[in-house]
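As structure tokens, the structure follows; a few thoughts come after it.
The values are calculated or read from the model by the stated rules, or taken from the named source; none is laboratory data. All values derive from a computational prediction rather than experimental measurement. Glycine also receives a Cβ, built like all others from the backbone with ideal geometry; neighbour counts cover every protein chain displayed. Side chains are part of the model used for accessible areas, which takes the heavy atoms of the whole protein and leaves out ligands, DNA and RNA. Shrake-Rupley method; radii C 1.70, N 1.55, O 1.52, S 1.80 Å.
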Amino acid sequence: MTVQVVLPLPVEQAYTYVVPDELAEAVHVGCRVLVPFGPRRLTGLVIDWGPAVETLDFKTRPLLDVLDETPAFTDEMLTLTRWIADYYVCGWGEVVKAALPAGTNIEDKQHLSRTTKQANGVLSGQARAVLDYLDTHGEATLSGIRQQLNAVPIALVRRLERDGLVSITRELVDAKVRVKTETHLRFAPAFRHRSAARDIQQQLRGHKQVAVVEAMAGLALEGTHEPRQADVLERAAAASPTVRTLVNKGILETVEKEVIRTPLGDLPDEPAPPPRVLHPAQQQALDALAKPIDAGKFETFLLHGVTGSGKTEVYIAALKRVLAQGKTGIILVPEIALTPQTVRRFRAHFGDRIAVLHSRMSLGERYDAWRHLRGGRYDVVIGPRSAVLAPLSNVGLVVVDEEHEPSYKQFDPAPRYHARDVAVMRAHHNKAVCVLGSATPSLESLANARRGKYTLLEMPDRVPVPGHTAAPLPPVRIVDLTLERKKHQLKGALSVQLQDAIRQRLEREEQVILLQNRRGYAPIVECQDCGWVPMCYDCSVTLTYHKAQRHLRCHYCGLAQRLPQACPKCNSQALKQLGEGTQRVEEELAQVFPDARVLRMDLDTTGKKDAHHRILSRFGKGKADILIGTQMVAKGLDFPRVTLVGIINADMGMRLPDFRAEERTFQLLTQVAGRAGRAELRGEVLLQTRTPDHPLFQFVVHHDYPRFANAALAERQQLDYPPFAHIVGVEFRGPKEPTVQDMAERWTKMLGEQVQGVMGVQILGPEPALIGRVKRQYRYHTILKARRGLEGPPMQQLLRATTAAFGSPPRHYRIAIDVDAIGLF
Ligand code: ADP
Ligand code: ZN
Ligand code: ZN
């Protein structure tokens with residue numbers, strides 16, 4: 001018997017292993033197995049049975065172990081991950097790795113040590129460095145030494161091993177996470193009955209033992225019959241030896257129980273949600289979803305509902321219907337930390353049936369969530385893009401909230417999948433319903449709805465507030481910054497009109513959200529005399545001034561350096577800080593409104609665990625008047641006292657050389673505008689710009705998504721961009737520019753040879769990326785554009801063939817294929 005195994009490597013193929021007799025019963029398709037691979041041992045996944053042993057050549061090696069009792073992967077997950085690997089042109093094993101909780105792999109660790117042999121002949125500098133390192137440190141792991149010594153080639157270490165100068169031992173390192181258990185106590189069977197109390201008392205010696213038994217009895221009266229040992233000891237003010245004595249006497253027993261690590265321990269419990277009657281538009285949407293749900297049919301819906309139209313309530317109602325059928329649901333949100341209100345609403349409805357996944361969970365928490373999803377203890381999962389790969393069985397509903405968000409696309413590492421498209425595929429495999437919700441649907445999804453691939457549902461009005469008509473979408477007023485500069489000698493970021501509007505809110509004790517999509521203090525520092533601008537050493541970008549630390553920081557690699565006193569080029573003192581980051585706006589607010597309480601939310605204030613949560617809950621409780629931040633403040637927030645949204649500079653982001661720049665800007669502005677006036681209080685939006693006549697702003701002012709979409713689609717069609725074509729971005733990167741360029745040119749030429757004769761495919765590039773260097777790595781791009789209908793197998797074939805013809809890139813260089821790429825620059 002043999003099996004086919006995929007390994008977490010960027011290769012297409014699966015490997016065949018022989019199943020030894022003693023493992024024959026344990027192995028199933030979908031199980032993880034430990035296998036030998038060259039000199040290493042790796043964790044892989046059995047994807048299928050293999051050919052008969054007799055037909056194999058002698059080199060096929062046996063499996064070492066089977067790691068799962070029940071298969072980690074269902075057939076459905078095997079099919080789904082296979083589809084992802086094919087569509088996104090990466091290794092199946094890479095997708096499998098993304099779908100399994102981190103830290104559960106068993107792998108080799110390689111230890112290096114010095115032998116007694118002395119080097120004869122001349123050694124290279126790097127080889128010398130390795131030996132010196134081992135002489136001083138005695139021993140090192142291969143990955144450790146490569147980190148210390150600037151990525152010395154593995155080949156060099158192997159040569160040293162062959163030459164007998166170092167020895168390498170391989171040690172199997174166990175999974176980093178395992179099931180966590182805790183000791184609980186209970187009375188031994190003979191002492192469980194009330195009448196046994198006297199028997200027990202006679203056997204107790206000393207007040208500690210009495211205290212423990214009394215604590216147990218007390219807890220039992222409160223309904224806890226198998227309390228945690230820790231709780232008993234605390235209540236009895238005793239220590240574990242006392243328990244051990246009681247166990248030895250046969251009075252108590254210990255039981256190991258699994259502890260489920262959940263990251264929600266610190267969040268307050270939710271009050272039960274108020275009963276809600278769906279308003280007519282919501283009911284209509286739900287009725288439409290209910291049909292395929294009840295019939296067990298696959299269908300994808302695009303739920304286009306303005307901000308505050310009650311989409312979340314529709315998801316919840318649909319999910320209840322699915323759970324009632326005994327099926328499960330997946331809810332995707334762009335980022336858990338930024339959508340605490342949405343998560344809380346789901347938790348309030350589904351309690352402990354719902355697993356929340358987020359990026360700040362520990363390995364143990366992830367492992368537990370994964371296992372209990374697989375085991376069926378949870379039947380709903382809510383999380384960011386990776387939640388689409390959660391191991392639920394029998395999925396009935398997949399929701400993608402804010403489906404237009406770019407964070408649904410993964411870039412690094414592979415698989416470079418788009419969770420929205422995987423969601424549709426997953427629903428398809430499960431005969432389930434997929435709901436893509438947004439106030440500003442992506443043009444891709446809109447086009448799919450217009451083509452009839454998705455069913456369009458619209459909720460054009462906000463939820464009516466009891467006793468009122470529906471809260472209208474807030475009026476948007478444009479403030480012309482150029483005019484302000486002339487008329488009012490505007491110096492800072494806040495126009496007179498915006499200041500007046502803020503002042504009114506402060507007087508009425510209402511709240512304000514300000515968007516400035518640039519963090520730090522001054523995005524650019526410039527010498528007024530010679531024009532020198534500080535740049536990062538390792539990336540081709542300018543540095544941003546951060547005033548609190550008085551330093552310049554690179555927003556790509558994090559490098560920080562002091563702000564020089566004088567221009568290093570011409571020695572002039574006239575270093576001017578240009579532009580307004582969030583910190584600078586915050587400072588200006590403090591000057592203009594010294595009594596206002598201001599909170600700032602950007603990457604710099606949200607580094608710590610729970611920081612988002614704390615900022616948002618303070619704002620929600622009315623402990624601040626103004627919330628200023630980057631795009632983080634634009635998403636999903638629902639605060640009834642916010643009546644003013646100010647956009648400090650709406651032009652930012654629009655000029656990026658990305659064909660999606662205007663779409664992103666429209667989405668961002670519409671989303672942030674949607675935070676204003678969501679309840680009884682009327683809202684207003686002020687949009688500051690230097691290009692007030694730009695047509696995009698007219699669409700924002702009129703909340704006119706359809707006209708925006710039509711204009712944008714017409715342009716895309718003319719230029720042959722998505723959704724009318726598919727694009728694949730290919731990124732080449734590495735430490736030396738000529739090598740990167742050469743690699744890019746050769747690869748692109750080979751692609752050209754493959755493409756010859758295929759109609760409807762166009763190759764652009766290679767060209768240096770807009771940000772040509774990041775973290776000391778040079779970057780080049782090639783873009784492949786293919787007519788609709790060529791995505792999938794035809795395009796995969798071209799890319800696979802090119803990759804095969806090219807072979808592997810040189811060490812330290814890499815080629816990343818990004819199917820349906822977004823944000824290429
Ligand atoms: P969206 O997700 O479309 O932005 P929400 O679902 O957050 O909209 O709804 C906006 C607000 O209206 C929320 O405060 C929500 O609690 C409330 N809401 C939604 N549906 C109803 C309803 N049927 N009855 C009463 N309030 C509702
Ligand atoms: Zn200068
Ligand atoms: Zn940098």
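Tabulated results
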read-out	value
The one condition in (1) of a type in the set (D, E, K, R); (2) within 16 Å of ligand 3 (Cβ to nearest atom); (3) open to solvent by 40 Å² or more (accessible area, probe 1.4 Å) that LYS547 fails to fulfil	(2)
Helices (runs of 4 or more DSSP H) fully within region 56-143 counting 1 or more residues that are over 30 Å from LEU357 (Cβ atoms)	125-137
Number of positions in region 245-260 that are within 19 Å of ILE200 (Cβ to Cβ) and in contact (Cβ under 8 Å) with a residue 12 or more places away in the chain	9
Selection count, region 418-464, where residues are more than 23 Å from ASP704 (Cα to Cα) and not in a helix (DSSP H, G or I)	7
Residues that are assigned to a helix (DSSP H, G or I) and in contact (Cβ under 8 Å) with a residue 40 or more places away in the chain, drawn from region 289-312	LEU289, PRO292, ILE293, LYS311, THR312
Subset of region 617-635 [touching a residue at least 40 places away in the same chain (Cβ under 8 Å) and assigned to a loop (DSSP other than H, G, I, E, B)]	GLY622, ALA624, ASP625, THR630, LYS635
One residue from ALA14, ALA85, ALA24 being over 21 Å from HIS428 (Cβ atoms), among the small types (Gly, Ala, Ser) and surrounded by 15 or more Cβ atoms within 10 Å (Cβ to Cβ)	ALA14
Complete set of residues in region 356-370 that are in contact (Cβ under 8 Å) with a residue 40 or more places away in the chain and either in contact with a helix residue (DSSP H, G or I) (Cβ under 8 Å, 6 or more places away or on another chain) or part of a strand (DSSP E or B) (or both)	VAL356, HIS358, ARG360, MET361
Count of residues meeting criterion [at pLDDT below 90, away from ligand 2 (no atom under 16 Å from the Cβ) and in contact with a helix residue (DSSP H, G or I) (Cβ under 9 Å, 6 or more places away or on another chain)] in region 570-601	1
Exclusive hit being modelled with pLDDT under 90, open to solvent by 40 Å² or more (accessible area, probe 1.4 Å) and either touching a helix residue (DSSP H, G or I) at 6+ places or on another chain (Cβ under 7 Å) or within 16 Å of ligand 3 (Cβ to nearest atom) (or both), set GLN561, GLN565	GLN561
Counted residues, region 552-569 - those being within 16 Å of ligand 2 (Cβ to nearest atom) and not small (Gly, Ala, Ser)	7
Any hit, region 592-614, residues being in contact (Cβ under 8 Å) with a residue 24 or more places away in the chain, open to solvent by 40 Å² or more (accessible area, probe 1.4 Å), touching a Pro at 6+ places or on another chain (Cβ under 9 Å) and away from ligand 1 (no atom under 16 Å from the Cβ)	yes
Residue count for region 636-653, restricted to those that are part of a loop (DSSP other than H, G, I, E, B) and either buried (at least 21 other Cβ atoms within 10 Å of the Cβ) or not basic (Lys, Arg) (or both)	11
Matching residues, region 500-549, being within 16 Å of ligand 2 (Cβ to nearest atom), in a loop (DSSP other than H, G, I, E, B) and not hydrophobic (A, V, I, L, M, F, W, C)	GLN528, ASP529, GLY531, PRO534
Residue match in region 324-335 (condition: open to solvent by 30 Å² or more (accessible area, probe 1.4 Å), in a helix (DSSP H, G or I), closer than 29 Å to ALA673 by Cβ and within 16 Å of ligand 1 (Cβ to nearest atom))	no
Qualifying positions in region 108-149 - surrounded by 12 or more Cβ atoms within 10 Å (Cβ to Cβ), closer than 14 Å to LEU165 by Cβ and acidic (Asp, Glu)	ASP132
Number of positions in region 785-813 that are closer than 12 Å to GLU731 by Cβ and either assigned to a strand (DSSP E or B) or of a type in the set (Ser, Thr, Tyr) (or both)	1
Pairs where the first residue, in region 373-392, is in a helix (DSSP H, G or I) and the second is buried (at least 24 other Cβ atoms within 10 Å of the Cβ) and of a type in the set (Phe, Trp, Tyr), C-beta under 6 Å, 6+ apart	ARG385/TYR408
